[in-house]
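Report on one structure; see the data block that follows.
Just so you know, all these numbers are worked out from the coordinates, no wet-lab data involved. The shown structure was predicted, so the numbers you read here are calculated from the model rather than taken from an experiment. Note that each Cβ is placed from the backbone with ideal geometry, even for glycine, and that neighbours are counted across all protein chains shown.
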Amino acid sequence: MSSTEAWTPVRWAENGKIRLAYDRLAAGGDGEPLLLITGLGASRRWMPDGMCERLAAQGFAVARYDQRDAGESTHLPPTATRSPFAALFGKRGDAYTAEDMADDAISVMDALGWPSAHLFGQSLGGAVAQRIALRHPDRVRTLTSMSTIPGDAAGLGALRHLRMGTLARFARVKFPDTPEGAVEAGLAVARICASPGYPFDERKARETAERIADTGIHDAGAQSRQIGARWSGPSIDSITVPTLVLHGDGDPLIRLSAARKTAARIPGARLIVLPGVGHEVPEPVWNEIAVQIRELADTPSRAA
């Protein structure tokens with residue numbers, strides 16, 4: 001089955017004026033709802049199909065969506081802050097809030113007909129997943145947060161967990177806003193995020209970049225709006241759902257300290273460190289991640 005055939009045709013959810021593109025994995029349709037949330041500026045298609053199929057094999061109905069300012073979802077007009085670096089240092093635009101981004105996921109769940117779901121977010125998607133669990137705890141069954149900072153961190157609290165040298169490398173990823181430029185940007189980002197414990201397969205990375213051709217991963221304006229979305233809700237210490245924190249010990253972008261801090265602050269959270277894994281979800285750990293999310297889903301809720 002091709003990647004296109006593995007997923008339903010694109011569908012749309014709405015949160016006010018924002019249209020959110022989403023689809024569902026064809027396999028595992030009768031399983032427990034599991035919503036996947038991708039990283040900064042990235043299309044939903046960056047979530048590996050193979051990992052999604054392993055999640056379906058563990059009894060999940062898998063859906064994914066494009067966050068606002070990413071993929072096929074609504075892209076907002078430019079703001080004064082067009083640099084992700086500036087947004088990180090607090091020079092935030094006023095395009096939308098982090099609460100708005102959390103509500104987007106709920107709109108997708110509503111469109112899917114899911115009263116509640118398990119969440120798996122990677123990179124920025126992990127921070128968004130934490131915020132969803134805070135803002136809409138009754139809609140979240142379990143939370144898996146991977147390769148991200150604490151969802152309530154801002155300013156210096158966020159910067160202390162980031163590797164500035166890698167941020168500088170990302171800032172130099174500049175390619176034309178064309179399909180060819182998107183492919184080269186995708187390949188460059190894949191190299192930066194690669195897992196040091198596993199060989200980098202450049203041919204496969206290029207094939208993935210060509211299949212996705214995602215301009216969002218080098219759209220500085222969209223990324224600055226996502227990073228600049230201010231969170232004003234409660235702290236992650238208030239999360240009550242069963243939580244798993246995953247982090248690669250070879251992550252070139254976000255320090256392991258971020259995962260340790262997140263797991264220490266969320267009551268009952270469990271931290272699993274993935275040896276040799278970078279800022280990505282490499283094939284050798286797909287099965288382990290699927291099994292761990294299954295085990296988390298089988299954990300009795302603390303609210304029960």
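At Asp298 and Glu180, where each label point lies 7 Å from the Cα along Cα→Cβ, what is the point-to-point distance in nanometres?
5.2
Pick from Gly151, Gly165, Gly125 the residue whose mean-square fluctuation is largest in a GNM of the chain, springs joining Cα atoms under 10 Å.
Result: Gly165 has the largest fluctuation of those listed.
Tell me, in nm to one decimal, what length is gained between Arg169 and Arg191 on full extension, where the rule is 0.36 nm per residue of separation less the Cα-Cα distance?
Value of the extension gain: 6.9 nm.
In nm, to one decimal, how far is the modelled label at Arg260 from the one at Leu156, with both set 7 Å along Cα→Cβ?
About 2.0 nm separates the two model spin labels.
Take Lys17 and Thr79, extend 7 Å from each Cα along the Cα→Cβ direction, and tell me the distance between the two endpoints in nm.
The answer from the label model is 1.4 nm.
Return the percentage of antiparallel bridges among DSSP beta bridges fully within the chain, rounded to the nearest 5 %.
Here the share of antiparallel DSSP bridges comes out near 30 percent.
In terms of modelled amide H atoms, which long-range or inter-chain residues lie less than 5 Å from the amide H of Ala117?
Amide H neighbours of Ala117, under 5 Å, 5+ apart: Val140, Arg141.
Please state the shape class of the stretch 263-304: rounded when a/c is under 1.5, otherwise prolate if a/b exceeds b/c and oblate if not, all from the C-alpha gyration tensor.
Verdict is oblate for the stretch 263-304.
Is the C-alpha gyration tensor of the stretch 92-242 telling us rounded, prolate or oblate? Criteria: a/c under 1.5 is rounded; beyond that, a/b larger than b/c is prolate, otherwise oblate.
Cα axes put the stretch 92-242 in the prolate bin.
From the residues Pro284, Gly233, Thr215, which one has its Cα farthest along the dipole of the chain in the positive direction, the dipole being from +1 and -1 charges on Cβ of Lys/Arg and Asp/Glu about the Cα centre?
Gly233
Taking the Cα centre of each part, how many Å lie between the stretch 102-170 and the stretch 221-257?
For the stretch 102-170 versus the stretch 221-257, the Cα centre distance is 6 Å.
To make sure I understand, if each residue's beta carbon is the centre and we count other beta carbons within 10 Å, what order do Phe170, Phe200 fall in, fewest to most?
Listing Phe170, Phe200 from fewest to most nearby Cβ atoms yields Phe200, Phe170.
Taking the beta-carbon count within 10 Å as an exposure proxy, list Tyr65, Tyr96, Tyr22, Tyr198 from fewest neighbours to most.
Ordered by Cβ neighbours within 10 Å, fewest first: Tyr198, Tyr96, Tyr22, Tyr65.
Given the Cα-Cα distance of Arg206 and Asp138 and 0.36 nm per residue of separation, how much length would full extension add, in nm?
20.4 nm
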